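The structure under discussion appears below in the form of structure tokens.
The values are calculated or read from the model by the stated rules, or taken from the named source; none is laboratory data. Please read all numbers here as calculations on a predicted model, not as lab measurements. Glycine also receives a Cβ, built like all others from the backbone with ideal geometry; neighbour counts cover every protein chain displayed.
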């Protein structure tokens, strides 16, 4: 049996059962300041975009409302508009900054639907490239992420700032 060590996942495993606002990394990301250690790349109104710490592909973003809650139907009109605008902006920024060819996106609402974090609604935006699935996924059942999260974060922060300057 092969062993794949991923000790950074323990933080996720230990926090997944306590999804109160006091222990919610999405609520932490919603705070107004950008921290050097966090993976937040942009905030707009009632929405926040941050890199997924356990990405499917480089640039895998989560876009979430700032308010804690796991039900899309309970977002007010402004929150929904801000989240939709942030998804639209993030798509454009990822296309420009990372040169991706397409996207997978969506959300899982409720544990039964596959939501690992069901206490705080969030949307996944996963960049895709032609040929991004290589032999590692087929032969070794392993996904290769070729860029460090902090490098991707810095690149996307700059791209969002440039996008804001363009208007």
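Overview of values
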quantity	calculated
Tally, over region 1-50, of residues that are touching a strand residue (DSSP E or B) at 6+ places or on another chain (Cβ under 7 Å) and modelled with pLDDT under 75	1
Residue match in region 69-79 (condition: in contact (Cβ under 8 Å) with a residue 60 or more places away in the chain and on the phi < 0 side of the Ramachandran plot)	no
Qualifying residues in region 121-144 (those that are in contact with a helix residue (DSSP H, G or I) (Cβ under 9 Å, 6 or more places away or on another chain) and over 17 Å from residue 44 (Cα atoms)) - the one modelled with the lowest pLDDT	142
Residue within region 103-114 that is in contact with a helix residue (DSSP H, G or I) (Cβ under 9 Å, 6 or more places away or on another chain), within 15 Å of residue 41 (Cβ to Cβ) and either at pLDDT 95 or above or buried (at least 16 other Cβ atoms within 10 Å of the Cβ) (or both) present	no
Options 97, 84: the member that is assigned to a helix (DSSP H, G or I), under 21 Å from residue 151 (Cβ atoms) and modelled with pLDDT of 90 or more	97
